[in-house]
Amino acid sequence: MTILGQLALGLGFLLAIWGTVVGAIAGHTGRLELVLSARRTVYALFGVMAVATLALIIALLNNDFNVEYVWQYTSRELPTVYTLAALYAGQAGSLLFWVFVLTGFAAAAIWLSPSRYARLLPYVGAVTCAVALFFLAAILFSANPFDRLPFTPPDGNGLNPQLQNPGMAIHPPMLYLGYISITIPFAFAVAALLSRRLDGDWIHAVRKWTLLSWVFLSVGITLGMWWAYVELGWGGYWAWDPVENASFLPWLTMTAFLHSVMIQEKRGMLKKWNVILIALSFMLSIFGTFITRSGIISSVHSFTQSDIGYFFLVFLVLATGFLIWLFWSRLPLLKSEGHLESMVSREASFLFNNLLLVGMAFAILWGTMFPMISELVRGVQVTVGPPFFNRVNFPIGLALLALTGIGPLIAWRKASPENLKRQFTIPIAVASVLGVLLIALRFGDFYAGAALTIGLFVTVAVLQEFWRGVGARHRLHDENYALALVRLVGRNRRRYGGYVVHLAIVMYFVGFAGTAFRTELRATLNPGESATLRSAYGYDYTFTHVGVSTFQSLNRDVIAATVEVKRNGELVGLIRSEKRQHFRCRVAVSPCPNDPQYKEASFQPSTEAGIRSDLREDIYVVFAGVAEGTESAVYQFTLTPLVWWIWFGGVLLVVGGVIVMWPGGGPTRRSPRRAIAGYNVKLVDEREKAAVS
């Protein structure tokens, strides 16, 4: 199968070249036979990459350790779910997965796009094939997953213990889907620029693709935060790590695009903004991949340093030069049809939103790249830590949070005093009461108090809109309130789905605010001994060391320590934390005999935190090890308020995104191919010829 995979990669490389050239010529000339050839090349490229990906999956499942990639990232004792996750655990496999998903998205975009976009689709195919060509070149000439070893080892190295977590089985694919799907709106934007068709059509073509990418990226980022929280044993979920920052950057620019695109649809404004934001989102996704794979910046998330970084660097330079030329040459066609009439309007609030989001992205990019820049300029690497990012981004984040409650509710063109009074009197009054109360109680952290106060303002403003809409339907249609809510959201999905997303953002900020009141304690306890820690809520938690046990589980030896937890004297339960030493077996059998002579330690020991969550706070227990020569255990106890709100906010964000993307709400034009049972080539060709001409 690996020979088949190798052949598929070579054929895919040739198809990508053909698709790039033919698609560009077809877009320029409009010749029907070239248009059809470009489209079919995209389908064929997806099929070929599916074969290559399947070949690697079969090699992984069959434990074909003669394949270097399989040997490096799997072992006989590795559970099947993580064996499959090894597909994207390493450099070569993740690049193959990337190009497979990219060609799948490209084929779907070509297949599903209505015929009114026929003039854009050849260019879309050319751009996606060009991006696929770059990844295939990187695979074939630098990181081939089908390279073989000169011998067949009895077992593999196994998967990094930090990746053997349910979150890591889901987090990388979600993040990749978010990164990769950005290519589709980028391809449509480039197609619109190349074809000079810069009316509203390309905006309508990419809005849902961009929203899909944004949702995937949001899920990936949130799952990454959860993984860091439960797996790394430090009690936090965001450390402003360079690779964390790299995933956050395109999320910021796509968020800006999803807001500013409404201004172009409604008023014909911000055309330049929208083109730049889509191009910037794509370039930042490639930049993030460059950081991860080049090894130029140290990160717990990054791959080892390799020559593949040069491929990404060359691609970034060439793509940036091409985009600057293309944008400059089409600049006269991007003139706005309207103008900003008032600073107190929805257009102005969305413009402020864009400026803040792009400003935050620039600050994060600067802080992320500063160590490399300082090393190039001064020869000394200066590290930029969390204090810099917090100092810069906390005020910007609070301003953005406030705009989530202002932007959707303020009037277009110019807000009247009546509009402002109607929309914001109640939210401001309720939030002011909370703000005064927090000041009276001498609430300890300014930013946390501001986040809670502004979050309440946004929540009341959004719920007020739901209440008014449901009440209107109840009065006009005599519907009960539950039915009125369902129909209100169903018939205004984009608006009310956006409100749900804004409520999710509030929940994120509430969770972030809780971090300011984290309390910690490190203690060494003998069996039966206790330690006490007071939480931010005033609860006294008592942790009593129960004991330590050892056992073997699958591909690891485990030392587990258990504590009994009481809150103000009432039993909460038992919490167990583990130290794990993963191993590979010296003999080709499964399961491996439970005997030290057959086991060879792999990777460093890892820690599995014990966590108990509720709406108020998380109890976080880390077993650091057994004190030498004693039966005592070393623990790190952490109490963090409101962490659960972050994870629920992630779920609510997905719900809001699905509501916005859900099809329906009016008649739509279907593509000719989807409207036909079977495939009538003659009829499709005639319709496409008419559309192109």
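Structural remarks
- Residue satisfying condition, being assigned to a helix (DSSP H, G or I) and in contact with a Gly (Cβ under 7 Å, 6 or more places away or on another chain), within set Leu503, Leu463, Leu488: Leu488
- Scanning the range 431-453 for residues that are touching a Ser or Thr at 6+ places or on another chain (Cβ under 9 Å) and surrounded by 14 or more Cβ atoms within 10 Å (Cβ to Cβ) yields a count of 6.
- Filtered residue count, the range 376-407, keeping only those that are surrounded by fewer than 18 Cβ atoms within 10 Å (Cβ to Cβ) and among the hydroxyl-bearing types (Ser, Thr, Tyr): 1
- Positions within the range 204-241 being within 18 Å of Pro166 (Cβ to Cβ), aliphatic (A, V, I, L, M) and at pLDDT 90 or above, in sequence order: Val219, Ile221, Leu223, Met225
- Within the range 370-389, the residues that satisfy the criterion of being assigned to a helix (DSSP H, G or I) and touching a residue at least 12 places away in the same chain (Cβ under 8 Å) are Phe370, Pro371, Met372, Pro386, Phe388, Phe389.
- Of all residues making up the range 186-233, the number that are within 30 Å of Pro332 (Cβ to Cβ), of a type in the set (Asp, Glu) and in a helix (DSSP H, G or I): 1
- Any hit, the range 172-179, residues being touching an Asp or Glu at 6+ places or on another chain (Cβ under 7 Å) and within 23 Å of Trp71 (Cβ to Cβ): no
- Taking the criterion of being surrounded by 16 or more Cβ atoms within 10 Å (Cβ to Cβ) and assigned to a loop (DSSP other than H, G, I, E, B), the residues of the range 601-615 that qualify are Ser602, Phe603, Ala609.
- Residues in the range 344-374 that are more than 21 Å from Glu244 (Cα to Cα) and out of contact with any Phe, Trp or Tyr (no Cβ under 8 Å at 6 or more places or on another chain): 8 in all.
- Test: residue in the range 228-239 that is charged (D, E, K, R) and in contact with a Leu (Cβ under 8 Å, 6 or more places away or on another chain): no
- Qualifying residue in the range 421-428 (condition: surrounded by 20 or more Cβ atoms within 10 Å (Cβ to Cβ), within 25 Å of Ala256 (Cα to Cα) and over 32 Å from the mean Cα position of the chain (by Cα)): yes
- Of residues in the range 142-165 being assigned to a helix (DSSP H, G or I) and in contact with a helix residue (DSSP H, G or I) (Cβ under 8 Å, 6 or more places away or on another chain), the one nearest to Ser75 (Cα to Cα): Leu163
- Test: residue in the range 398-413 that is part of a loop (DSSP other than H, G, I, E, B) and more than 24 Å from Val501 (Cα to Cα): yes
- Among residues of the range 533-549 being surrounded by fewer than 15 Cβ atoms within 10 Å (Cβ to Cβ) and farther than 22 Å from Gly444 by Cα, the one that is farthest from the chain's Cα centre (by Cα) is Gly547.
Okay, residues lined up against (1) over 18 Å from the mean Cα position of the chain (by Cα); (2) surrounded by fewer than 20 Cβ atoms within 10 Å (Cβ to Cβ):
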position	(1), (2)
Ala130	yes, no
Gly167	no, yes
Tyr176	no, no
Arg197	yes, yes
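- Residue that is surrounded by the fewest Cβ atoms within 10 Å (Cβ to Cβ), among those in the range 616-650 that are part of a loop (DSSP other than H, G, I, E, B) and not small (Gly, Ala, Ser): Glu628
- All positions within the range 435-460 that are among the aromatic types (Phe, Trp, Tyr) and assigned to a loop (DSSP other than H, G, I, E, B): Phe443
- Members of the range 553-565 that are surrounded by fewer than 17 Cβ atoms within 10 Å (Cβ to Cβ) and not aliphatic (A, V, I, L, M): Ser553, Glu564
The values are calculated or read from the model by the stated rules, or taken from the named source; none is laboratory data. This is a predicted model, so every value here is computed, not measured. A quick note on method: Cβ atoms are made from the backbone with ideal geometry, for glycine too, and the neighbour counts reach across all protein chains shown.
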